[in-house]
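The values are calculated or read from the model by the stated rules, or taken from the named source; none is laboratory data. Fair warning: this is a prediction, and the values are worked out from it, not measured in the lab. Heads up, the Cβs are rebuilt from the backbone with ideal geometry, glycines too, and the neighbour counts pull from every protein chain shown. Ligands, DNA and RNA are stripped out before the accessible areas are found, and what is left, the full protein with its side chains, is counted by its heavy atoms. Shrake-Rupley method; radii C 1.70, N 1.55, O 1.52, S 1.80 Å.
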Amino acid sequence: QVQLVESGGGLVQAGGSLRLSCAASGFAFSTHTMYWYRQPPGKQRELVANISSGGSTNYADSVKGRFTISRDNAKNMVYLQMNSLKPEDTAVYYCNVFWGTIEFWGQGTQVTVSS
């Protein structure tokens, strides 16, 4: 079955960096677009970035120039490198994939940025 497992979250000071990882299994990873979403406290979940099977990327305006999404198809991994973190980046970060018509989510990893 499809599984997504995020890791790499934590507490960091403003201006710092974190690298999130998502281990994927149960589907043909290399042929699927992968997504990172986040849900700030008390707010709706929002798209942060996505990367296509061919490596094309898209970013939310709020993270452009600071975050980088990448993937390693040999390892079935997708990453989110987050630099110049701001307190408003505090959220639970989720990995996401559409498998057919079904949407799958990981359990999320907490990122907290202190000012």
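Only residues that are over 13 Å from HIS32 (Cβ atoms), open to solvent by less than 10 Å² (accessible area, probe 1.4 Å) and in contact (Cβ under 8 Å) with a residue 40 or more places away in the chain were counted in the range 56-88, giving 3. Among the residues of the range 7-28, just one is among the polar types (S, T, N, Q) and open to solvent by less than 30 Å² (accessible area, probe 1.4 Å), namely SER21. Within the range 89-115, being in contact (Cβ under 8 Å) with a residue 12 or more places away in the chain and of a type in the set (Ser, Thr, Tyr) holds for THR90, TYR93, TYR94, THR109, THR112, SER114, SER115.
Among the residues of the range 8-53, just one is more than 16 Å from LEU85 (Cβ to Cβ), in contact with a Lys or Arg (Cβ under 7 Å, 6 or more places away or on another chain) and among the β-branched types (Val, Ile, Thr), namely ILE51.
Mind checking whether some residue in the range 50-59 is under 17 Å from THR109 (Cβ atoms), under 15 Å from the mean Cα position of the chain (by Cα) and modelled with pLDDT of 95 or more? No, because not a single residue in the range 50-59 is under 17 Å from THR109 (Cβ atoms), under 15 Å from the mean Cα position of the chain (by Cα) and modelled with pLDDT of 95 or more.
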